[in-house]
1. Would you mention how many residues in region 56-81 are free of Cβ contacts under 8 Å to residues at least 40 places away in the same chain, closer than 23 Å to PRO128 by Cβ and assigned to a helix (DSSP H, G or I)?
2. Do we find that PRO259 is assigned to a helix (DSSP H, G or I), free of Cβ contacts under 8 Å to residues at least 40 places away in the same chain and over 16 Å from the mean Cα position of the chain (by Cα) in this structure?
3. Surrounded by fewer than 16 Cβ atoms within 10 Å (Cβ to Cβ), among the β-branched types (Val, Ile, Thr) and either over 21 Å from the mean Cα position of the chain (by Cα) or at pLDDT 95 or above (or both) - does that describe any residue in region 51-61?
4. So, in region 262-274, how many residues would count as being among the small types (Gly, Ala, Ser) and either under 18 Å from GLY49 (Cβ atoms) or outside any helix (DSSP H, G or I) (or both)?
5. Within the group THR299, THR236, THR249, which residue is more than 20 Å from LEU178 (Cα to Cα) and among the β-branched types (Val, Ile, Thr)?
6. Out of curiosity, is TRP73 of a type in the set (Phe, Trp, Tyr) and out of contact with any helix residue (DSSP H, G or I) (no Cβ under 8 Å at 6 or more places or on another chain)?
7. Can we say ALA121 is without any contact (Cβ under 8 Å) to a residue 60 or more places away in the chain, over 14 Å from LEU31 (Cβ atoms), in contact with a Cys (Cβ under 7 Å, 6 or more places away or on another chain) and not in a loop (DSSP other than H, G, I, E, B)?
8. Only one of these is outside any helix (DSSP H, G or I) and touching a Lys or Arg at 6+ places or on another chain (Cβ under 6 Å): ARG53, ARG35, ARG102, ARG46. Name it.
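The values are calculated or read from the model by the stated rules, or taken from the named source; none is laboratory data. In this text, all values refer to a predicted model and were calculated from it rather than measured experimentally. A quick note on method: Cβ atoms are made from the backbone with ideal geometry, for glycine too, and the neighbour counts reach across all protein chains shown.
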Amino acid sequence: MKRRGSGEGHLKLVWDPAGLDRRLATTTQELRVGRYALAGELLADRQAGEDVRDYRYLILAQIAASNGVDTAWLAEEPDSPEAALLRLRANVIRALQAHRARHPKADGLVDLARTQCLETAERFPEDPLPWIALLHLAPAAPQNVPGPPELQVVGPWHTMGQLWKRDPWNREAHHRLLAAVGPKSGGSVSAVSGVAHWISSQAPSGSALLVLQLVAFIEAFRQQLERNDLNRVLLTYRNWSTAYAEQETERCYTQWFLPSGGNGVLLPDLHHLAHALWAGSQWRPAARVFDVIGPYAMTTPWSLHGNPEQVLAMARERCMSEL
């Protein structure tokens with residue numbers, strides 16, 4: 001009998017950000033056709049933890065931002081906290097899209113979204129989600145101030161301070177912080193690396209924030225690709241086979257992935273870990289992560305190496321052969 005995972009190198013990939021969260025997958029299907037009853041139930045359920053809740057809001061808001069279902073929901077249920085928070089996240093996404101497209105109304109949409117973040121924070125004073133939404137908006141509405149003395153990195157630290165009061169180890173907020181200090185927001189790769197190291201070195205064992213170091217490695221790799229024409233394979237090997245990269249990848253694997261067994265972890269984090277293990281030639285640990293991921297594919301970070309579907313399938317097949 002084949003063990004689970006063996007011979008699955010050609011598994012048909014499923015491009016669904018919901019991943020193993022099948023309640024979220026069902027809800028996204030309903031929301032796409034304008035039905036939001038399941039969304040209300042899903043978003044009101046906080047038993048899975050704040051990180052899962054934040055991710056569910058983000059995925060559903062991406063749908064709402066395109067089809068406007070948040071407007072219909074809030075009109076029908078104006079007192080629903082879930083409808084209000086989904087509307088907020090959808091408006092932040094709309095504002096960012098307008099900002100990136102340099103739409104004539106972008107500034108107005110960004111200002112409106114920022115005002116809504118602050119108003120929603122007043123309405124729900126204990127909820128970290130409005131502050132996460134404000135961090136999400138940071139590339140278009142920077143509120144940069146000097147950071148902690150040991151970092152010397154400017155960024156949205158006031159917003160982070162508000163977030164830390166409510167959820168000090170919040171996953172999405174810290175990913176948003178990295179984006180806010182990174183190159184796409186006018187910052188630098190060194191700032192991303194410094195902040196990622198500072199956060200992950202303080203994060204408790206088992207925290208998803210250990211993945212931040214892997215995100216920093218991705219940003220460094222992305223910058224190197226933009227600056228030269230080095231062979232991608234050679235550059236991949238060089239970046240993820242250093243002693244430091246191997247140490248941080250192993251720490252993420254042993255202190256975050258193994259204790260949970262993959263239960264309750266989010267698909268983007270699993271892909272970042274599988275990628276780092278594969279890129280560092282740690283085939284067997286990578287296979288265990290791929291086994292948990294199953295067929296659920298994501299573009300990032302595989303697209304940095306070429307066609308994401310081809311690269312992911314190749315990486316998965318190479319690693320799963322170890323099981």
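1. Here the count works out to 10.
2. In short, no.
3. No, region 51-61 contains no residue that is surrounded by fewer than 16 Cβ atoms within 10 Å (Cβ to Cβ), among the β-branched types (Val, Ile, Thr) and either over 21 Å from the mean Cα position of the chain (by Cα) or at pLDDT 95 or above (or both).
4. The number of residues fulfilling the criteria is 2.
5. That would be THR236, the only listed residue that is more than 20 Å from LEU178 (Cα to Cα) and among the β-branched types (Val, Ile, Thr).
6. In short, no.
7. No, not satisfied.
8. One residue alone meets the criteria, ARG46.
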